[in-house]
Amino acid sequence: MTDFAIRAARPDEAAQLSALALRSKAHWGYDAAFLEASRQELTLSPEQIVHRRTQVAVSREPENDGRLLGFGTIEGEPPAGELGMLFVDPPAIGTGVGGALYSHLAEMALGLGFHRLTIAADPNAEPFYLAKGAVRIGGVPSGAVEGRVLPLLAVAL
């Protein structure tokens, strides 16, 4: 497992996190046109960092100290909210960063009074969320590509 810490994201990290989200999405083999169509949906503004309760995983390894490895957001108001984003930088996929971020976000949401989170998941991420205890409750239209339907999942906290 990679040595990392999880902390609140800073507004000045918005551009880095947006770029990380695009790299993470590209990892699944999407073409340039799809990624461009997804860009706006995957872009965070500095103002959104706090509003969306953004948390980041940051490397503590000497050679990569401070490098952003992944991030996630908790959105909405209790008792039911949304795991809005969860992205891991491709070199860190499979190292435990995603699972740790997911657990951290779920614990944080519970502490804020959330009892349920929904997740509009990329189809490639659905198995990850199902393994974490989420269940599929339907589908939701993609905000980036007309006609595309994303799995809609829910997890009880």
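Computed from the coordinates by the stated procedures, all read-outs in this text should not be read as laboratory data. Model, not experiment: these values are computed from the prediction. All Cβ positions, even for glycine, are placed from backbone atoms using ideal geometry, and neighbour counts span all protein chains on display.
Could you list the GluC sites (Glu not before Pro) in segment 24-130 that lie in coil according to DSSP, counting only those with at most 16 other Cβ atoms within 10 Å of their Cβ? Don't skip to the answer; put the middle values down first.
Working: sites: Glu36, Glu41, Glu47, Glu63, Glu75, Glu82, Glu107; in loops: Glu41.
Listed in order of number, the matching sites are Glu41.
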Whole-Å distance, taken between Cα centres, linking segment 13-62 and segment 105-157
17 Å
With Asp122 itself left out, Lys, Arg at +1 and Asp, Glu at -1 over residues whose Cβ is under 14 Å from its Cβ give +2
How much mean residue ellipticity at 222 nm does the chain get from its helices, if each DSSP H run of length 4 or more adds -39500 (n - 2.57) and you divide by all residues, to the nearest 500 deg cm²/dmol?
-8500 deg cm²/dmol
Above 21 Å lies some portion of the pair distances; for the chain, what is it as a whole percent of all C-alpha pairs?
43 percent
Can you pull the one-decimal nm distance between simple spin-label points at Asp3 and Val149, each 7 Å off the Cα toward Cβ?
4.8 nm
